[in-house]
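Peer 1: My structure is below; once you've seen it, I'll send some questions.
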Amino acid sequence: MREVAILGIGQTQFGELWDRSFREIGIEAGFKALESSKLSSKDLSALYIGNMASGAFIDQEHVGPLVLDYSGLAGHHFPSVRVEAGEASGAMALAQAYLAVASGEHDFVVVGGAEKMTDVPDDRGAAIASSTMDQEWERVFGASMASLWALAARRHMIDHGTKREDFARISVLDHENGSKNPLAHFRNKISLDAVLAANPVASPLGMLDCAPFSDGAAALVLGPLESARKYTDTPIRIAASQIATDFVALMHRKDVTTVESTVVAARRAYQRAKIEPSKIHLAEIHDAYSIGGLMALEDLGFYRKGTAGKALSDGEIGNGARLTINSSGGLKAQGQPFGAVGIAQVVEIVRQLRGEAGPRQVSGQEVGLTHNLGGTGATSIVHVLTRVN
Amino acid sequence: MTVARFWRETLRRYNLGASKCPECQAVFFPPRSVCPNCSVHRKSLTKMEACQLSGRGEVYSYTTVHEAADGFEMQVPYVLALVKMAEGPMLTGQIVDVDPKDIREGLPVRATFRRLRADGDDGVIHYGYKFALENGAAAKK
């Protein structure tokens, strides 16, 4: 296996993109990524696309060749692989593309993530979003995604003394960061009081604890590290790409206050990257629901179980603090186009490590982590990225 | 959801049909054909024993749902809970006939046969388990 580097990044606006189609945003992200490297499309030999539910959202399956086709590459006939792992589809596509390059089968590939979510009414969107839970034993009994995270939140409060305000602060942080990201779905700051007073969705979670449905796409160009300098001045090394899984239904997990797949994926990633979590100060974490962000801080090993709430209220977490999370705005503010989330997280860490994050730049970071989750944690994918000096 | 897709699970949804591993004695709901606890999985394959849950359990976690899941719009606000059953498995289900303010972890509940949801205006009505507090449970609290 050889080392793999990220040579280019691209991302579209996230939000309600009424005038843009699925294929348009996919192509835009891909070409932006290609343009930011010195590669051209003739150098590529494969395309990977993370997408969760194009069949349900826009009645279009077979999006691998579709995006390839409208990128003008149909005549090249190279493989185009659509990857699905629920909301972790983006990171799962990256993990597959990483293996393809690491193995030597492919040299240069584009890996993108895209989702077009606003072409269906809101209630239909919520139903599609619920498709990553167990349909027969959760959904049929009245579970929504928010309600499952609410069940985890309530038990976290019971077992660990976590307070309602603790996870509300995740949303406040996300919006603070999103206000500095021109590509974010939401660019308004919100107060802690606003999160606490928002309309209830599934107690203790309210509307501002839940990430929006967004349209959007993001893309990366990958290649072997050994020749990376030919194509970019600032290659970013993929130091670890690790996937872990668990029971699909929340009720079957050993402990609903811990996403064990995240614990395992992180542990494997730290071993592979030869790094301790205490040495990581920059991360993009999956917080489709605010409580999920708090749990990720613990499950990734940044804080012991039951102590992330205090760290949040003590101000240890925030841009330029001991730990910077979701400088992009996270899922809550940057937005949540399912298949694009895992790729957009990597795009943001690459920007930070290259020093290209503008007003939200955090200085002096050599390493960053991304955490992308499917369902309530049946799939967790952790990537560790480092600068190349 | 088609008629057949719901119908084929009625034994579980109506009668709490479960399964038990002959190796480690763990009980699973819904029933599993392989035991996830036993390290040699093939030992349990084809040997899992059918059994039935008593319907008794206690509240492990709970939420009051205000933004309904698809098909449950007429029921808001409703209480959804994780219920730890006496035999071991955890189930996800609604708690009915209760003021949401009275729900606490640890309260004893019993499964009750209820209408879950209808498949649109002219579709099949789905039935299955919900939970109700054991008599006087809330008052005792």
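The values are calculated or read from the model by the stated rules, or taken from the named source; none is laboratory data. Quick caveat: nothing in here was measured; it's all calculated off a predicted structure. For neighbour counting, all protein chains shown are included, and Cβ atoms are generated from backbone atoms with ideal geometry for every residue, glycine included. Accessible surface areas use protein heavy atoms only, side chains included; no ligands, DNA or RNA. Shrake-Rupley method; radii C 1.70, N 1.55, O 1.52, S 1.80 Å.
Peer 1: Looking at the range A:247-280, which of the residues that are over 13 Å from A:Ala152 (Cα atoms) and among the β-branched types (Val, Ile, Thr) is surrounded by the most Cβ atoms within 10 Å (Cβ to Cβ)?
Peer 2: The selected residue is A:Thr262.
Peer 1: Can you confirm whether B:Asp121 is open to solvent by 30 Å² or more (accessible area, probe 1.4 Å) and at pLDDT below 95? Walk me through how you get there before you give the answer.
Peer 2: Values: open to solvent by 30 Å² or more (accessible area, probe 1.4 Å): yes; at pLDDT below 95: yes.
Yes: the conditions hold for B:Asp121.
Peer 1: For the range A:102-157, what are the residues that are farther than 26 Å from B:Tyr127 by Cα and basic (Lys, Arg)?
Peer 2: Within the range A:102-157, A:Lys116, A:Arg154, A:Arg155 meet the criteria.
Peer 1: May I ask you to verify whether A:Ile190 is modelled with pLDDT of 95 or more, within 14 Å of chain B (Cβ to nearest Cβ) and surrounded by fewer than 24 Cβ atoms within 10 Å (Cβ to Cβ)?
Peer 2: Details: modelled with pLDDT of 95 or more: yes; within 14 Å of chain B (Cβ to nearest Cβ): no; surrounded by fewer than 24 Cβ atoms within 10 Å (Cβ to Cβ): yes.
Answer is no for this residue.
Peer 1: What number of residues within the range B:39-68 are away from chain A (no Cβ under 12 Å) and open to solvent by 20 Å² or more (accessible area, probe 1.4 Å)?
Peer 2: Qualifying residue count for the region: 16.
Peer 1: Do we find that B:Thr2 is modelled with pLDDT under 90, closer than 30 Å to B:Asp121 by Cα and either within 14 Å of chain A (Cβ to nearest Cβ) or open to solvent by less than 50 Å² (accessible area, probe 1.4 Å) (or both) in this structure? Spell out the reasoning first.
Peer 2: On the way: modelled with pLDDT under 90: yes; closer than 30 Å to B:Asp121 by Cα: yes; either within 14 Å of chain A (Cβ to nearest Cβ) or open to solvent by less than 50 Å² (accessible area, probe 1.4 Å) (or both): yes.
Criteria met by B:Thr2.
Peer 1: Taking the options A:Trp149, A:Trp137, name whichever one is within 13 Å of chain B (Cβ to nearest Cβ) and in contact with a Phe, Trp or Tyr (Cβ under 6 Å, 6 or more places away or on another chain).
Peer 2: Exactly one residue qualifies, and that residue is A:Trp149.
Peer 1: Among the helices (runs of 4 or more DSSP H) lying completely within the range A:32-144, list those that include at least 3 residues that are crowded, with 24+ Cβ neighbours inside 10 Å and either in contact with a strand residue (DSSP E or B) (Cβ under 7 Å, 6 or more places away or on another chain) or acidic (Asp, Glu) (or both).
Peer 2: The qualifying helices (runs of 4 or more DSSP H) are A:89-103.
Peer 1: What do you reckon, is A:Ala143 within 14 Å of chain B (Cβ to nearest Cβ), in contact (Cβ under 8 Å) with a residue 24 or more places away in the chain, farther than 30 Å from A:Leu34 by Cβ and among the hydrophobic types (A, V, I, L, M, F, W, C)?
Peer 2: No, not satisfied.
Peer 1: Okay, next question. Can you tell me which of B:Pro30, B:Pro36 is assigned to a loop (DSSP other than H, G, I, E, B), within 12 Å of another protein chain (Cβ to nearest Cβ) and open to solvent by less than 30 Å² (accessible area, probe 1.4 Å)?
Peer 2: B:Pro30
Peer 1: While we're on this one: So which residues in the range A:12-31 are more than 20 Å from A:Leu66 (Cβ to Cβ) and not in a loop (DSSP other than H, G, I, E, B), if there are any at all? Lay out the reasoning, then the answer.
Peer 2: Initial filter on the range A:12-31 (more than 20 Å from A:Leu66 (Cβ to Cβ)): A:13-16, A:18.
Scanning the range A:12-31 gives a single hit, A:Gly15.
Residue by residue, here is whether (1) out of contact with any helix residue (DSSP H, G or I) (no Cβ under 6 Å at 6 or more places or on another chain); (2) within 14 Å of another protein chain (Cβ to nearest Cβ); (3) over 30 Å from A:Gly104 (Cβ atoms); (4) not small (Gly, Ala, Ser) holds:
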position	(1), (2), (3), (4)
A:Leu208	no, yes, yes, yes
A:Asp215	yes, no, yes, yes
A:Thr245	no, yes, no, yes
A:His252	yes, yes, yes, yes
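Peer 1: Follow-up. How many residues are surrounded by fewer than 16 Cβ atoms within 10 Å (Cβ to Cβ) and over 24 Å from A:His252 (Cα atoms) if we restrict to the range B:91-114?
Peer 2: The qualifying residues number 5.
Peer 1: Next up: Within the range A:211-240, restricting attention to residues that are open to solvent by 20 Å² or more (accessible area, probe 1.4 Å) and not in a loop (DSSP other than H, G, I, E, B), which residue is nearest to B:Leu82 (Cα to Cα)?
Peer 2: Filtering the range A:211-240 for residues that are open to solvent by 20 Å² or more (accessible area, probe 1.4 Å) and not in a loop (DSSP other than H, G, I, E, B), the one nearest to B:Leu82 (Cα to Cα) comes out as A:Arg237.
Peer 1: Out of (1) charged (D, E, K, R); (2) under 21 Å from B:Thr10 (Cβ atoms); (3) without any contact (Cβ under 8 Å) to a residue 24 or more places away in the chain, what's the single condition that is false for B:Glu67?
Peer 2: (2)
Matching residues to (1) farther than 18 Å from A:Cys210 by Cβ; (2) open to solvent by 20 Å² or more (accessible area, probe 1.4 Å); (3) of a type outside the set (D, E, K, R):
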site: A:Thr245; (1), (2), (3): yes, yes, yes
site: A:Leu282; (1), (2), (3): yes, no, yes
site: A:Ala296; (1), (2), (3): no, no, yes
site: A:Gly318; (1), (2), (3): yes, no, yes
site: A:Phe338; (1), (2), (3): no, no, yes
